[in-house]
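Following: one structure in structure tokens, then a few remarks.
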Amino acid sequence: MKQFKNFFYKFSAIVILLNFCCINASFAQSQEANMDSVEFSLLTCSPHDEVYSIYGHTAIRLNDKNRREDWTFNYGVFDFKKPYFVARFLFGLTDYQLGVLPYDIFKREYGKQNRQVVEQVLNLTATEKLKLYRALMTNYEPENRVYRYNFLYNNCTTKARDIIESCIDGKVEYAVEEPFPSYREMIHEHSLGYEWIEFGNDMCMGAKADIPTDLRKQQFLPLRLSYDFNRAQIYSNGTYRPLVKRQAVAVAAGVQVIEPGFPLSPTACALIFLGLSVAIAFVEHKRKKAFKAWDVTLMAVTGICGVLLLLLFVSQHPTTSTNLQILVLNPMSLFFIYKVIKGKQTIYWKLSAMLIILFLIGRFFQDYADGMIIVALSLLMRSWIHLKKSPHTTKR
């Protein structure tokens, strides 16, 4: 049955592609014909509960009423099953591509997911429509359809915006609103209710994510671009016209059920870790002996996490460098594990305490992931316990 489904999907894709190629040839033969029957629209899809869809989605619709041809151009096509997809995504090395799909299939898929789709018909001239059509066709050629994806700067939404703007004879002027939020604030707004997704985002993003953006940078979010398009004007030859001719709901929103995730929040887990650290410290005080296994575990975990954060410093994503959380999750700890296991004196605890204090000061420059300050205080307490020991006790 599974093999039949795979064959069916592949066969359907081939039929759709051949049909689209025939329509493309037909359209190309009548490029100089009246374009009044052709409409281009920006399609904005509401968020869904998958990690890659909680920010929404954007596509472009080409509707030729005379030929009864209706297609969507989607810059968000990717293969999640490709090797090392998650790692490549984190380092900004993911390739997406432009896909083409019949509009009715597009609507049906989003209707099944109970996701609203808002259509904004663009107020384009015949010349601009023809230019946009040709640009999309050029983008869809095999050598052009794949592009290097970047979540903030070059995603399915910014690609749609850029190709539309490039085909307008004039300048698109957006209504400006201040103050401008940071990338982190915008991402938090779309990850409400997804605590662990938000935690993961905040762990990866550094201080650059807390710098205020501008209007154009905010348009990586589908809902933001839709909002800006609705109020934008095209200035051409001394006159203004609205960018959007009309707006309507193409697919009505349904009821989306968020599947329950891990029952404890990041902050709750951090508090449990703090309680466990205090309990272990109390037992150590009673027994007059440090638990090496606990120290080695903490050093290994923070060191491995620190290596991951250090690697993100060279990611192509613009906000993952200068991440001050590396002061707590520091790969340095891996180099001192051997000495701690052997019970030798080490400067690790002093260095760790100094870096954690710098981390706490850095809170004025970067927003940290939920619970990270609690984790930092737990590790600072651990360093303080070791620094208070006498040299004799440290060697035990």
Residue set V255, V296; condition in contact (Cβ under 8 Å) with a residue 24 or more places away in the chain and not in a helix (DSSP H, G or I); output residue V255
| message | Going residue by residue through segment 193-203, is there one that turns out to be in a loop (DSSP other than H, G, I, E, B), open to solvent by less than 20 Å² (accessible area, probe 1.4 Å) and touching a Phe, Trp or Tyr at 6+ places or on another chain (Cβ under 9 Å)? | response | no
Of the residues in segment 124-139, those that are open to solvent by less than 40 Å² (accessible area, probe 1.4 Å) and over 16 Å from Y75 (Cα atoms) come to L124, E128, K129, L130
Residues of segment 272-281 being surrounded by 15 or more Cβ atoms within 10 Å (Cβ to Cβ) and either out of contact with any Lys or Arg (no Cβ under 8 Å at 6 or more places or on another chain) or polar (S, T, N, Q) (or both), in sequence order, are F273, L274, S277, I280
With respect to F313, is the statement that it is modelled with pLDDT under 85, open to solvent by 60 Å² or more (accessible area, probe 1.4 Å) and under 17 Å from A369 (Cβ atoms) true? no
Within segment 317-358, the residues that are hydroxyl-bearing (S, T, Y), part of a helix (DSSP H, G or I) and open to solvent by less than 60 Å² (accessible area, probe 1.4 Å) are S333, Y348, S352
Here the qualifying pairs (Cβ atoms under 7 Å; residues six or more apart or on different chains; first in segment 157-186 and touching a residue at least 12 places away in the same chain (Cβ under 8 Å) and at positive phi; second open to solvent by less than 60 Å² (accessible area, probe 1.4 Å) and of a type in the set (V, I, T)) come out as G170/I234
Taking first residues from segment 271-290 that are over 17 Å from L380 (Cβ atoms) and second residues anywhere that are open to solvent by 40 Å² or more (accessible area, probe 1.4 Å), the pairs with Cβ under 8 Å that are 6 or more apart or on different chains are I272/L264; V283/F291; K288/T393; K289/R396
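Quick grid of which residues meet (1) under 22 Å from D162 (Cα atoms); (2) modelled with pLDDT under 90:
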| residue | (1), (2) |
| --- | --- |
| D210 | no, no |
| D214 | yes, no |
| Q218 | yes, no |
| L223 | yes, no |
| R231 | yes, no |
| L243 | yes, no |
| R246 | yes, no |
| I258 | no, yes |
| F262 | no, yes |
In the set Y240, Y235, Y227, the lone residue that is in a strand (DSSP E or B), of a type in the set (S, T, Y) and surrounded by 13 or more Cβ atoms within 10 Å (Cβ to Cβ) is Y235
Selection over segment 197-255 where residues are out of contact with any strand residue (DSSP E or B) (no Cβ under 8 Å at 6 or more places or on another chain) and within 18 Å of K171 (Cβ to Cβ) yields a count of 9
>> Just checking, does segment 205-215 include any residue being open to solvent by 10 Å² or more (accessible area, probe 1.4 Å) and assigned to a strand (DSSP E or B)?
In response: yes
Quick check on V314: is it closer than 23 Å to K208 by Cβ and in a helix (DSSP H, G or I)? no
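The values are calculated or read from the model by the stated rules, or taken from the named source; none is laboratory data. Because the structure is predicted, anything quoted here is derived from the model rather than measured. Heads up, the Cβs are rebuilt from the backbone with ideal geometry, glycines too, and the neighbour counts pull from every protein chain shown. The accessibility values were calculated without ligands, DNA or RNA, using every heavy atom of the protein model including side chains. Shrake-Rupley method; radii C 1.70, N 1.55, O 1.52, S 1.80 Å.
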